[in-house]
Amino acid sequence: MANLLIKNIGLLATPTGSNPRRGKEQGEITMLKDAYVLVKDGLIAAVGEGAIPAGLSDGAEVVDAGGRLVTPGLVDAHTHLIFGGWRQNELGMKLHGVSYLEILAQGGGILSTVRSTRAASEEELTDKAAKVLDDMLRMGVTTCEAKSGYGLTPEDEYKQLRVIHRLNETHKVEVVPTFMGAHAVPEEFKENREGYLRLLCEEMIPTVAREKLAEFCDVFCETGVFTAEESRRILEAAKAHGLVPKIHADEIDPIGGSQLAGEIGAISAEHLIVCPEAGIESLAKGGVIACLLPGTSFYLGATFAPARAMLDAGVAVAVSTDFNPGSCPSANLQLAMNIACLKYRLTPEEVLTAVTLNGAGAIHRADRLGSIEVGKQGDLLVWDAPDLDYICYRLGANLVDTVIKQGEIVRF
Ligand code: NIG
Ligand code: FE
């Protein structure tokens, strides 16, 4: 692996540390002017300001950043990347005022994607997801999380997770697997919820953990999906088998998901659109990362998560896309950054931490990813931008110029 020197960096902006940054610390960004970074064998070996020490760049490939902005590669900590089909047919229903949960209750929504995903082969799912990953990488995402949850039978769930493992072998983006068999109760178990809960806890979770198919286990804790008590039971089973809990909480109705997240020590709670004060307290007390998904609020026409109140309470906030065929058919994390700034009122500095170090924290990788520091992985972006304000302001644009993954320039 050759060495790579990035020189002539007008502004290097990065959070620092090996842990997510909470509360006030989230906006504390290190800014270096006229900077350089050396990556050796895939890891960052030197970071500095001003003159490059003699000999440092010997034998290294050189990237001239042209006086522009450099940041860590982006981490999208919440996606539903693996699915068959799309759901454009739901757009008209939405416009006629049919709600997300009504569509689901009629057997559409997630359940319609379950039918398409079951019908798709592992190859088809891999090819489809790889195309999305290509787009994500072009837009600066060097690592992402991906959930199962559109199979809802043991074999179809494992199929989705195997696709994630195949992508990891073939694609430059690192994809982190989460088991989400508790995404909905499948139609064949409609009259037998207990049967599905037992299948999840006694068969799927133990197999996923034993076969190392996933690192995390997520549950959709929502009205008409899984109650807080059912979510607790599923996540306790996950913990007992060594899977780390995550939870979709307070997306539409506040039924206790955020409180549960703190109580069971989830690594992250997702959405939190209607998170009550008691939920925020629980997240702060339990050290749970709030993984917020502004594209979903926008697409559902919902309100926006109380991000400022979370920061005030000392919670660490991550921002991700939630890319999925129903509630956010966009994998554009830069757009999520724009909306986070405008609607959550996060500063550009807080937003940068949310999509780098705190995103990495939500998938247990803050020790290796999410900042530009000696020893961290050489995942970096050169932006066609002078500063952080500019990337939060240019709504909807892809401002990434060069993507560097483990010290190698990605050629598109
Ligand atoms: O995070 N809320 C549950 N899951 C996804 C939506 C999945 C779908 O509609 O297909 C979400 O919003
Ligand atoms: Fe989601």
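The values are calculated or read from the model by the stated rules, or taken from the named source; none is laboratory data. This is a predicted model, so every value here is computed, not measured. Here the Cβ positions follow ideal geometry from the backbone for every residue, glycine too, while neighbour counts run over all protein chains shown.
Observations
- Selection of region 256-311 for residues being away from ligand 2 (no atom under 16 Å from the Cβ) and at positive phi yields 256, 265, 287, 301.
- When residue 309 is tested against the conditions (1) surrounded by fewer than 23 Cβ atoms within 10 Å (Cβ to Cβ); (2) part of a helix (DSSP H, G or I); (3) touching a Ser or Thr at 6+ places or on another chain (Cβ under 9 Å), the lone failure is (3).
- Options 93, 139: the member that is under 30 Å from residue 352 (Cα atoms), more than 15 Å from ligand 2 (Cβ to nearest atom) and of a type outside the set (Lys, Arg): 139
- Filtered by the rule that a residue be of a type in the set (Ser, Thr, Tyr) and either surrounded by 21 or more Cβ atoms within 10 Å (Cβ to Cβ) or at pLDDT below 95 (or both), region 127-157 gives 142, 143, 148, 150.
- Wholly enclosed helices (runs of 4 or more DSSP H) of region 318-412 bearing at least 1 residues in contact with a Pro (Cβ under 9 Å, 6 or more places away or on another chain) and in the same structural domain as residue 131 (by TED's automatic domain parsing): 333-343, 348-355, 357-362
- Listed by position, the strands (runs of 3 or more DSSP E) inside region 29-122 whose residues that are more than 27 Å from the chain's Cα centre (by Cα) and closer than 30 Å to residue 366 by Cβ number at least 1 are 30-40, 43-49, 61-64.
- Residue within region 107-126 that is free of Cβ contacts under 8 Å to residues at least 60 places away in the same chain, of a type in the set (Asp, Glu) and either surrounded by 22 or more Cβ atoms within 10 Å (Cβ to Cβ) or under 29 Å from residue 385 (Cα atoms) (or both) present: no
- Residues of region 194-248 that are basic (Lys, Arg) and without any contact (Cβ under 8 Å) to a residue 40 or more places away in the chain: 198, 210, 212, 232, 233, 239.
- Residue match in region 194-216 (condition: farther than 27 Å from residue 262 by Cα and more than 16 Å from ligand 1 (Cβ to nearest atom)): yes
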